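Visitor: Can you read through this structure? Questions will come right after.
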Amino acid sequence: MTPSLPRTVRAVDTAQLLDLAQEAAMHSFSQRLPVDWLREHLAAEATHYLLPTLVQRLTHRLEMPLQWRCQQLLTVNTGEQIWGLLDVLPNTFDKIPETLDTASKKAIVNRIEHAVTVREWMERMADGSGS
């Protein structure tokens, strides 16, 4: 039976996010940013947020574990918040403590909906038009 997708937002610090990205890389999950890129661009003391969006089961690759595709709101070293995706193992996600109240979760979902994507941010930075 497929575990139920949690309807919540979880907060993680930069070290925790790097661990999640490393785990995703170890499993060759398709939605992840390179750990080195994250180390270079994330604000070191920031809080980042994960919102599970869908259950990812690769029926063409049965050896791959079930994943939760999460929208992530990342705080980068320019102080901006940008939007990306990260596939996370359900058991790993469940171990992240629930620390946010309902109002905070709603505000974060709203920020995710209005954030520029990682790609848009990178293009803007490459153009020299970053903030």
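The values are calculated or read from the model by the stated rules, or taken from the named source; none is laboratory data. As the structure is a prediction and not an experimental result, all values here were calculated from the model. Here the Cβ is made from the backbone with ideal geometry for all residues, glycine too, and neighbour counts use every protein chain on show.
Visitor: Tell me the strands (runs of 3 or more DSSP E) entirely within the stretch 1-110 that contain at least 1 residues that are under 11 Å from the mean Cα position of the chain (by Cα) and closer than 22 Å to R124 by Cβ.
Guide: Working: elements: 10-13, 47-56, 67-75, 81-88.
In the stretch 1-110, the matching strands (runs of 3 or more DSSP E) lie at 47-56, 67-75, 81-88.
Visitor: Now a separate question. List the residue pairs whose Cβ atoms are under 6 Å apart, where the first residue sits in the stretch 19-41 and is of a type in the set (K, R), the second is crowded, with 16+ Cβ neighbours inside 10 Å, and the two are 6 or more positions apart or on different chains.
Guide: R32/A21; R32/A24; R32/L86
Visitor: Further question: Taking only pairs six or more apart or across chains, which ones have beta-carbon atoms under 9 Å, a first residue in the stretch 86-106 that is more than 22 Å from L66 (Cβ to Cβ) and touching a residue at least 60 places away in the same chain (Cβ under 8 Å), and a second residue that is assigned to a loop (DSSP other than H, G, I, E, B) and among the hydroxyl-bearing types (S, T, Y)?
Guide: L100/T8; K105/T8
Visitor: Looking for whichever is surrounded by 15 or more Cβ atoms within 10 Å (Cβ to Cβ) and at pLDDT 95 or above here; the options are P90, P52. Which one fits?
Guide: Details: P90 fails: at pLDDT 95 or above.
Within the list P90, P52, the selection yields P52.
Visitor: Give the stretch 1-29 a look and list any residue that's among the hydroxyl-bearing types (S, T, Y) and closer than 21 Å to A115 by Cβ, or say none. Lay out the reasoning, then the answer.
Guide: Within the stretch 1-29, the first condition is being among the hydroxyl-bearing types (S, T, Y), and the residues that meet it are 2, 4, 8, 14, 28.
Within the stretch 1-29, T8, T14 meet the criteria.
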